[in-house]
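*Asks:* Please read through the structure below; I'll follow up with questions.
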Amino acid sequence: MSTQQTGAGGAAVVIGASIGGLLAARALAEHYGQVLLLERDTLPAAGGHRKGTPQSRHAHAVLVRGLAVIEGYFPGLTAALVAQGADYGDVSQNARWFHEGAHHRPAVSGHHAINVSRPLLEATVRARLRELPNVQLVDGCDVLGLLTTPDAARVSGVRVIRRRADSAEESLAADLVVDASGRGSRSAAWLEALGYARPVEDVVQIGVTYTSCEYRRRAEQRAGPVALIVAASPEQPRGGVLLSQEGDRWILTAAGYLGAQAPLTHAGLLEYVGGMAVPALYEVLKDAEPVSEPVAYKIPSNLRRRYERLARFPQGFLVFGDALCSFNPIYAQGMSVAALEAEALGACLEQGEDDLAQRFFAQAAAIIDPPWATAVGNDLRFPEVAGPRTAMTRLIAWYLGKLHHAAHHDAELSLAFLKVANLLEPPPSLLRPGIAWRVLRGNLWARRGTPPANAATPIPSRSPTR
Ligand SMILES: Cc1cc2nc3c(=O)[nH]c(=O)nc-3n(C[C@H](O)[C@H](O)[C@H](O)COP(=O)(O)OP(=O)(O)OC[C@H]3O[C@@H](n4cnc5c(N)ncnc54)[C@H](O)[C@@H]3O)c2cc1C
C-alpha cells in the first residue's frame, strides 16, 4: 500500500490515537498532505497502559480479517510482533473452542491470528504510523469541540487544549475531522449544539463484567494451544478466554453476563474460572503464578450510533470506530471493524470528498451489520437480555446451539463457525445447505449415540509458532 496522496490534499485531523484513530490516520495519509492525530493521554514510550484505553488490561484478540487489513497497511507488522514474543497460530489447530459444554473438533484451518497484548499491539502500530512523513501525532492534547463555517454546514477544524500548566485553548484548521474518540465520543452532543439531530442509538443492555489477570506461562505449555475460549451460555453465564502473550505470559479474561462477576482476588478468580461450563481454563491456571492483580471492566451494552440515518450532516466531518459502534467485546470485533472502516474510508476518498459522510457512513453500516448481528444475536440467547426477538432470531439461536453440538465432532462445522467469528464469511453462510445438512447429521448421530465419521480423527499436534 503506498502512502502517496491520491485525492483531496490539505489537512486532516483525527481525534484519538487508539487503534481506531491510528488506522483512520493510516488511511487518511494516502489522501491528505498532513494528518494530525490528537490524543488526550500522554502516550507511554514502550507499550505501557494508559488512562484513555483501560481495556488494554484485558485480553484483546485480533480477528483474522482485521489482522490482514492491518498487515496490509503496515507490511511486516505481524513478523515484528512475533519477534517481540507474540504467538502466531492457526485459529483452530492451535486453539481450543468450548461451546455448549465441550470443545470443537480442531483442524488445520489455514487461517492465522496473533496473540499479543493490547499495549504492544498499539505501540507497534503507533511506531509504524509515526514513520509516515505526513503524519504527526500530538499527545497530551484534549479536543474540546468543533470549529465550523458560520452557517455550520462544514466542520473546519477543532478546538484543543494541551495538557500542560501554561496552555490556552487553540484552534486547529482542517479539511476533514475524524472522531475516533471511542465509545464516550461527544460528537452527538457537538452536532446537536450546531443545530443537527443526534443519531438514533441502538442499545442492547448486557451487563457484562470482565475480570482479567496475567499469569506466567511455563516453557512446557508452549507446545500446547495458544488460545482457549469457553463460551458463556444462558445456562452458565460465565465465559472466558485465555490467550498467550509476549513475555511468556497468559492473559485470562473471565466474563460474566447480567451481573455475574468474578471476585477481584487470585483465589476467588480461580474458583470462578473453575465454575465455568468446562474447567479448561482452570486446568491450565490452577498451578500458574499470577504476575498481575485482577482488574475489572464493566461493559453495560452493545451500542450503535446510526449516523447513516441522519438526513443532515456537516461536511468535513466523520465519526469512526467505537464512537460509531462498540460491541460486546467477548466477540473481539472492535479493532477488526475499525480496520475495515479504515479501508472503507480510503475507498471513499478515492472517489473524492463530495458526500463523503453519507458514503462513508453507508459503507461503515454495511461493515458493522454482520458483526452486530453476531453479537446481538448471541447476546439475545440470554432470556434476561432485552431486545427484539422474532421467531427467526429464536430459530437461529436454536440452530447455532445445534451447530456447536455437532461441531464437537465435526471440524468442518467448527471451521464454518470460525470463518464467521473471524469476519471472513457473513453469518448467513452457516445456513448453507451443506452446513445445515452436517448440523442435522451430527445431531441425529448424537441422539443415536453413534459418533460421526470424523469423530475418531486425532487432534492434530502443534508445532510451536516460535
Ligand atoms: C474490555 C474490552 C475488551 C476488548 N477486547 C477486544 C478484543 O479482544 N478484540 C477487539 O478487536 N476489540 C476489543 N475491544 C474493543 C477495542 O478496544 C476497540 O474497538 C478499539 O480500541 C478501537 O476503538 P477506538 O480506537 O475507536 O476507541 P478507543 O479505543 O476507546 O480509543 C479512544 C481514544 O480517544 C482518546 N480520546 C477520547 N476523547 C478524546 C478527546 N476529546 N481528545 C483527544 N483524545 C481523546 C482516548 O484517550 C483514546 O485513546 C475491547 C474493548 C473493551 C472495552
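The values are calculated or read from the model by the stated rules, or taken from the named source; none is laboratory data. Quick caveat: nothing in here was measured; it's all calculated off a predicted structure. A quick note on method: Cβ atoms are made from the backbone with ideal geometry, for glycine too, and the neighbour counts reach across all protein chains shown.
*Asks:* From the set of residues in the stretch 120-132 that are touching a residue at least 12 places away in the same chain (Cβ under 8 Å) and more than 15 Å from the ligand (Cβ to nearest atom), which is surrounded by the fewest Cβ atoms within 10 Å (Cβ to Cβ)?
*Replies:* Within the stretch 120-132, the subset touching a residue at least 12 places away in the same chain (Cβ under 8 Å) is 120-126, 128-129, 132.
Next, from what is left, pick out any that are more than 15 Å from the ligand (Cβ to nearest atom): 128, 132.
Working: 128: 18, 132: 15.
Among residues in the stretch 120-132 that are touching a residue at least 12 places away in the same chain (Cβ under 8 Å) and more than 15 Å from the ligand (Cβ to nearest atom), the one surrounded by the fewest Cβ atoms within 10 Å (Cβ to Cβ) is 132.
*Asks:* Here is a check on your reading of the model: is residue 212 surrounded by 19 or more Cβ atoms within 10 Å (Cβ to Cβ), closer than 28 Å to residue 90 by Cα, touching a Leu at 6+ places or on another chain (Cβ under 7 Å) and hydroxyl-bearing (Ser, Thr, Tyr)?
*Replies:* Numbers: surrounded by 19 or more Cβ atoms within 10 Å (Cβ to Cβ): yes; closer than 28 Å to residue 90 by Cα: yes; touching a Leu at 6+ places or on another chain (Cβ under 7 Å): yes; hydroxyl-bearing (Ser, Thr, Tyr): yes.
Spelling it out, residue 212 is indeed surrounded by 19 or more Cβ atoms within 10 Å (Cβ to Cβ), closer than 28 Å to residue 90 by Cα, touching a Leu at 6+ places or on another chain (Cβ under 7 Å) and hydroxyl-bearing (Ser, Thr, Tyr).
*Asks:* Would you check which residues across the stretch 96-119 are closer than 15 Å to residue 78 by Cβ and away from the ligand (no atom under 14 Å from the Cβ) and list them?
*Replies:* Those that are closer than 15 Å to residue 78 by Cβ and away from the ligand (no atom under 14 Å from the Cβ): 111, 112.
*Asks:* Please list, ordered by first then second residue, the pairs with beta carbon atoms under 8 Å, 6 or more apart or interchain, first in the stretch 23-41 and not assigned by TED's automatic domain parsing to the domain that holds residue 323, second within 16 Å of the ligand (Cβ to nearest atom) and at pLDDT 95 or above.
*Replies:* none
*Asks:* To continue, here is another question. Give the stretch 366-421 a look and list any residue that's more than 20 Å from residue 104 (Cα to Cα), β-branched (Val, Ile, Thr) and free of Cβ contacts under 8 Å to residues at least 60 places away in the same chain, or say none.
*Replies:* 367, 390, 393
*Asks:* Something else about it: Show the residue pairs that are 6+ apart or on different chains and have beta-carbon atoms under 8 Å apart, the first residue being within the stretch 98-112 and touching a residue at least 60 places away in the same chain (Cβ under 8 Å) and surrounded by fewer than 22 Cβ atoms within 10 Å (Cβ to Cβ), the second being outside any loop (DSSP other than H, G, I, E, B) and of a type in the set (Ser, Thr, Tyr).
*Replies:* What qualifies is 107/414.
*Asks:* Looking only at residues that are out of contact with any Asp or Glu (no Cβ under 9 Å at 6 or more places or on another chain) and part of a loop (DSSP other than H, G, I, E, B) in the stretch 321-351, which one is farthest from the ligand (Cβ to nearest atom)?
*Replies:* 351
*Asks:* What residue, among those in the stretch 133-177 that are over 21 Å from residue 28 (Cα atoms) and among the basic types (Lys, Arg), is farthest from the ligand (Cβ to nearest atom)?
*Replies:* Checked the stretch 133-177; the qualifying residue farthest from the ligand (Cβ to nearest atom) is 164.
*Asks:* On to the next question. Between a residue in the stretch 48-72 that is closer than 22 Å to residue 241 by Cα and any residue that is of a type in the set (Gly, Ala, Ser) and assigned to a helix (DSSP H, G or I), which pairs come within a Cβ distance under 7 Å, given they are 6 or more apart or on different chains?
*Replies:* Partner pairs satisfying both residue conditions: 49/56; 62/336; 63/336; 65/336; 66/336; 66/339.
*Asks:* Name the residues in the stretch 26-46 that are more than 11 Å from the ligand (Cβ to nearest atom) and crowded, with 19+ Cβ neighbours inside 10 Å, would you?
*Replies:* Residues satisfying the conditions are 26, 27, 28, 29, 30, 31, 32, 35, 36.
*Asks:* Among the numbered criteria (1) surrounded by 21 or more Cβ atoms within 10 Å (Cβ to Cβ); (2) outside any loop (DSSP other than H, G, I, E, B), which single criterion is violated by residue 221?
*Replies:* (1)
*Asks:* Another question, then. State whether one or more residues within the stretch 3-22 are more than 21 Å from the chain's Cα centre (by Cα) and at positive phi.
*Replies:* We begin by selecting, within the stretch 3-22, every residue more than 21 Å from the chain's Cα centre (by Cα); these are 3-13.
Applying the additional criterion that residues be at positive phi yields 9-10.
Within the stretch 3-22 (the criterion being more than 21 Å from the chain's Cα centre (by Cα) and at positive phi), the answer is yes, since at least one residue qualifies.
*Asks:* Within the stretch 162-187, track down each residue that is aliphatic (A, V, I, L, M), closer than 18 Å to residue 21 by Cβ and not in a loop (DSSP other than H, G, I, E, B).
*Replies:* Taking the stretch 162-187 first, the residues aliphatic (A, V, I, L, M) are 165, 168, 172-174, 176-178, 180.
Filter once more, keeping what is closer than 18 Å to residue 21 by Cβ: 172, 174, 176-178, 180.
172, 176, 177, 178 - these are the residues of the stretch 162-187 that are aliphatic (A, V, I, L, M), closer than 18 Å to residue 21 by Cβ and not in a loop (DSSP other than H, G, I, E, B).
*Asks:* Give 58, 49 a once-over and let me know the one that is touching a helix residue (DSSP H, G or I) at 6+ places or on another chain (Cβ under 8 Å), within 8 Å of the ligand (Cβ to nearest atom) and either at pLDDT below 95 or farther than 28 Å from residue 317 by Cα (or both). Spell out the reasoning first.
*Replies:* Values: 49 fails: within 8 Å of the ligand (Cβ to nearest atom).
Going through 58, 49 in turn, just one is touching a helix residue (DSSP H, G or I) at 6+ places or on another chain (Cβ under 8 Å), within 8 Å of the ligand (Cβ to nearest atom) and either at pLDDT below 95 or farther than 28 Å from residue 317 by Cα (or both): 58.
*Asks:* Go through the stretch 141-157 and count every residue that is closer than 15 Å to residue 318 by Cβ and of a type in the set (A, V, I, L, M).
*Replies:* Initial filter on the stretch 141-157 (closer than 15 Å to residue 318 by Cβ): 143, 146, 148, 154-157.
Keeping just the survivors that are of a type in the set (A, V, I, L, M) gives 143, 146, 155.
Within the stretch 141-157, residues that are closer than 15 Å to residue 318 by Cβ and of a type in the set (A, V, I, L, M) number 3.
*Asks:* Quickly run through the stretch 219-265 and pick out the residues that are on the phi > 0 side of the Ramachandran plot and of a type in the set (A, V, I, L, M, F, W, C).
*Replies:* Scanning the stretch 219-265 gives a single hit, 258.
*Asks:* Still on this structure: For the stretch 178-232, what are the residues that are within 16 Å of the ligand (Cβ to nearest atom) and more than 23 Å from the chain's Cα centre (by Cα)?
*Replies:* Those that are within 16 Å of the ligand (Cβ to nearest atom) and more than 23 Å from the chain's Cα centre (by Cα): 189, 190, 191, 193.
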